[in-house]
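See structure below.
Each reported figure results from applying straightforward, stated rules to the coordinates on display, with no laboratory input. Because the structure is a prediction, the values reported are computed rather than measured. Here the Cβ is made from the backbone with ideal geometry for all residues, glycine too, and neighbour counts use every protein chain on show.
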Amino acid sequence: MKNLKEKNILNLFSNTFNISPDKIVQLALSGSDRVYFRIFYDNNKTCIGAYNFDDKENIAFIEFTKSFLKNNIKVPKIIAEDLKNKVYLLEDLGNTTLLDILLQERKTENIPDKIAEYYKRSLSQLIELQLAKNINYKYCYPRQSFDKQSMIWDLSYFKYYFLKLAKIPFDEQLLEDDFNKLSDYLLTTDTNFFMFRDFQARNIMIKDEDVYFIDYQGGRKGALQYDLASILFNSKANLPLRFRDELYNYYINELKKRLNVDEIKFESYFYGYALIRILQAMGAYGFRGFYERKLYFLNSIPFALINLKQLTNKFKYLLELPELNKVINSILNNTELQKYGELIKSNKLQIRISSFSYKKGLPIDSTEHGGGYIFDCRGIHNPGRYDKYKKLTGMDKPVIEFLDKEEEMTDFINNVYSLADKHVKKYIDRKFDYLTFNFGCTGGQHRSVYSAEHLFNYLNNKYDVELFLEHREQNITQNNL
């Protein structure tokens, strides 16, 4: 059965092309609530259908896209729109982002020439976007400029979703004083340019050896330095310092062809904007990682710490921010946060196992991998039907003993082991980095929990891998680190 989002997209497609598609496939979800579908038609043609419940964000994306296309900036073409039903159709730019290519082809600290060229093309086009004419800023959402209010929102995001959840101590008033001082300082530079807002390698698509931009609906008026800092200090990309400096100098030289640039002043503001960008990103990692327990964002924390450490040495002499510096030092010396670094150091296959309730929806894989196995446990005799087991879970001895005696459970879990063995061995041999197994039942309490626990223990005893176990409905997580 098609959901309303898919129905609305198919209606728009049919009204636009007067044909039925060959196939429609939902794409992996990212950090946002937008939903994308790839639509196949006319044998080998494709387009992208997008659904977003946020009307103002939709309008911003559509209007910015039209302006960028008029300025010859490479963004996806709009095929059709039905904003009343919150959907639109876009040119399909494929699946490959600049970050994908970087992570796949970068084997050492050295950046391959092809990737370096993609980054430089991206920076050249960024300048065209920042200086683009006839941008109507009334469509910006939630604000028309990256003003003090926007900065305080970002810094508060960092405070409440990273510092609070990571249990980093701070003096509320002193930290607010530093936030205000930092914001006031950053606004003393020229802020009359288009600011992409989320300019990072994941939002740069590579198609036919060229670069295209996506996900700029959060754009607004702001300083040039912010977007440059966003891509150079992109946590997951983890660019080496030498290459970062090379790109910085390339951007400055290209910008000087269009504007008069005071390089000393530009650099001083650059480090300030880099700091506020990293703190905003850490707020996102805290919310998506600590709060929503999404592995991709937890994996990004160590990279952010590396960037923060490098940046602090540059910025701390430009402006006196005693409480913020104290907080940053506490973050960098926090042993609990350092544990997330183990996800990077070992280079082992990461396997995520979860249990869930079908009543509350399928598990969402927030990584770029798009998900893996989902096993349905609802055909197995349910201990939850009996009063004595209703308050227990698949981790409790009475439930374990009940399911151990069920032949259908034994057959089911042995089949899972067989499939898991084949895939884990293949993934290790091919040096893949991520695999998921999800178990669902009616309530996400008995059969799915039992199955997830058994697979976790089975793989832990047999393979040298990193395992992450989440019982979603029980709000329980663990790993084998």
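Contact order normalised by length for segment 98-342, with contacts defined as Cα pairs under 8 Å and 6 or more residues apart; what percent is it?
Relative contact order here is 26 percent.
By counting other Cβ atoms within 10 Å of each Cβ, how are TYR358, TYR251 ranked from fewest to most?
TYR358, TYR251
If you project the alpha carbons of segment 84-238 onto their three principal axes, what span does each projection cover, largest first, in Å?
Principal-axis extents of the Cα atoms in segment 84-238, largest first: 52, 42, 36 Å.
Taking neighbour counts of Cβ atoms within 10 Å as a proxy for exposure, in what order, fewest first, do HIS381, HIS471 appear?
Working: HIS381 14, HIS471 23.
Exposure proxy ranking, most exposed first: HIS381, HIS471.
Of all the C-alpha pairs in segment 4-91, what % are more than 17 Å from each other?
Values: 1790 of 3828 pairs.
Result: 47 percent of Cα pairs exceed 17 Å.
Please go through segment 20-119 and write out the trypsin sites (Lys or Arg not before Pro) that DSSP classes as loop and that have at most 10 other C-beta atoms within 10 Å. Write out the running numbers ahead of the final one.
On the way: sites: LYS23, ARG34, ARG38, LYS45, LYS56, LYS66, LYS70, LYS74, LYS77, LYS84, LYS86, ARG106, LYS107, LYS114; in loops: ARG34, LYS74, LYS77, LYS86, ARG106, LYS107.
Here the trypsin sites (Lys or Arg not before Pro) that fit, given the DSSP loop and packing criteria, are LYS107.
If every alpha-carbon in segment 385-481 counts as one equal scatterer, what log10 I(q)/I(0) does Debye give at q = 0.14, 0.15, 0.20, 0.24 1/Å?
Log10 I(q)/I(0), no solvent term: -0.55, -0.63, -1.05, -1.37.
Any idea what the dipole of the chain comes to, in debye rounded to 20, about its Cα centre with Lys/Arg Cβ at +1 and Asp/Glu Cβ at -1?
380
So how compact is segment 80-144: Cα radius of gyration and Dmax in angstrom?
Here Rg and the maximum Cα pair distance are 17.2, 49 Å.
Between GLU105 and SER124, how many nm apart are label points set 7 Å from Cα along the C-beta direction?
1.6
Pick out, from LEU275, LEU129, ASN329, the residue whose Cα sits farthest towards the positive end of the charge dipole of segment 98-342, with +1 on the Cβ of Lys and Arg and -1 on the Cβ of Asp and Glu.
LEU129
Viscosity 1.567 mPa s, temperature 4 °C: what is the translational diffusion coefficient of the chain from Stokes-Einstein with a Kirkwood Rh over Cα pairs, rounded to a whole number of µm²/s?
Translational D for this selection: 53 µm²/s.
For the chain, what is the percent of antiparallel DSSP beta bridges, rounded to the nearest 5?
So the antiparallel bridges in the chain amount to around 65 percent.
Using the per-residue mean of other Cβ atoms lying within 10 Å as a proxy for protection, in what order, highest first, do the peptides 436-446, 157-167 fall?
Result, highest mean Cβ count within 10 Å first: 436-446, 157-167.
What chymotrypsin sites (Phe, Trp or Tyr not before Pro) in segment 46-103 are in a loop by DSSP, with at most 14 other Cβ atoms within 10 Å of the Cβ?
On the way: sites: TYR51, PHE53, PHE61, PHE64, PHE68, TYR88; in loops: PHE53.
Here the chymotrypsin sites (Phe, Trp or Tyr not before Pro) that fit, given the DSSP loop and packing criteria, are PHE53.
Place a +1 charge on the Cβ of each Lys and Arg in segment 347-479 and a -1 charge on the Cβ of each Asp and Glu, then give the dipole magnitude about the Cα centre in debye, rounded to the nearest 20.
In total the dipole reaches around 200 debye.
Apply the Debye scattering formula to segment 98-342, with a single equal point scatterer on each alpha-carbon and no solvent, then give log10 I(q)/I(0) at q = 0.07, 0.11, 0.16, 0.17 Å⁻¹.
-0.22, -0.57, -1.27, -1.44
Which of the aspartates and glutamates could be linked to LYS326 by a straight reach, that is with a Cα gap under 17 Å, when you skip same-chain ones fewer than 8 residues away?
Of all the aspartates and glutamates, those that pass the test against LYS326 - Cα under 17 Å, at least 8 places apart if same chain - are ASP171, GLU172, GLU176, ASP177, ASP178.
Per the helix-only calculation at 222 nm, which mean residue ellipticity applies to the chain, given -39500 (n - 2.57) for every DSSP H run of n ≥ 4 and division by its residues, nearest 500 deg cm²/dmol?
On the way: 16 runs with 216 residues, N = 481.
Taken over the chain, the calculation gives -14500 deg cm²/dmol.
Taking R0 as 35 Å, what's the FRET efficiency between ASP33 and LEU419 from their Cβ-Cβ distance, rounded to 0.05? Display every interim value, and only then the final one.
Working: r = 32 Å, r/R0 = 0.92.
That gives a FRET efficiency of 0.65.
Quick check on my link table: of LYS114/LYS265; LYS236/LYS431; LYS5/LYS148; LYS77/LYS107, which ones sit more than 30 Å apart, alpha carbon to alpha carbon? List each step's numbers first, then the result.
On the way: LYS114/LYS265 32 Å; LYS236/LYS431 19 Å; LYS5/LYS148 36 Å; LYS77/LYS107 34 Å.
Going by Cα-Cα distance, LYS114/LYS265; LYS5/LYS148; LYS77/LYS107 fall outside the 30 Å limit.
Pull up the cross-link candidates among the aspartates and glutamates for LYS462, meaning alpha carbon to alpha carbon under 13 Å and not fewer than 8 places away within one chain.
ASP421
Suppose every Lys and Arg Cβ carries +1 and every Asp and Glu Cβ carries -1, with no other charges. What dipole size does segment 21-132 come out with about its Cα centre, to the nearest 20 debye?
140
List the aspartates and glutamates whose alpha-carbon lies under 20 Å from that of LYS86, not counting same-chain residues fewer than 8 positions away?
Output for LYS86: GLU6, ASP33, ASP54, ASP55, GLU57, GLU63, ASP215.
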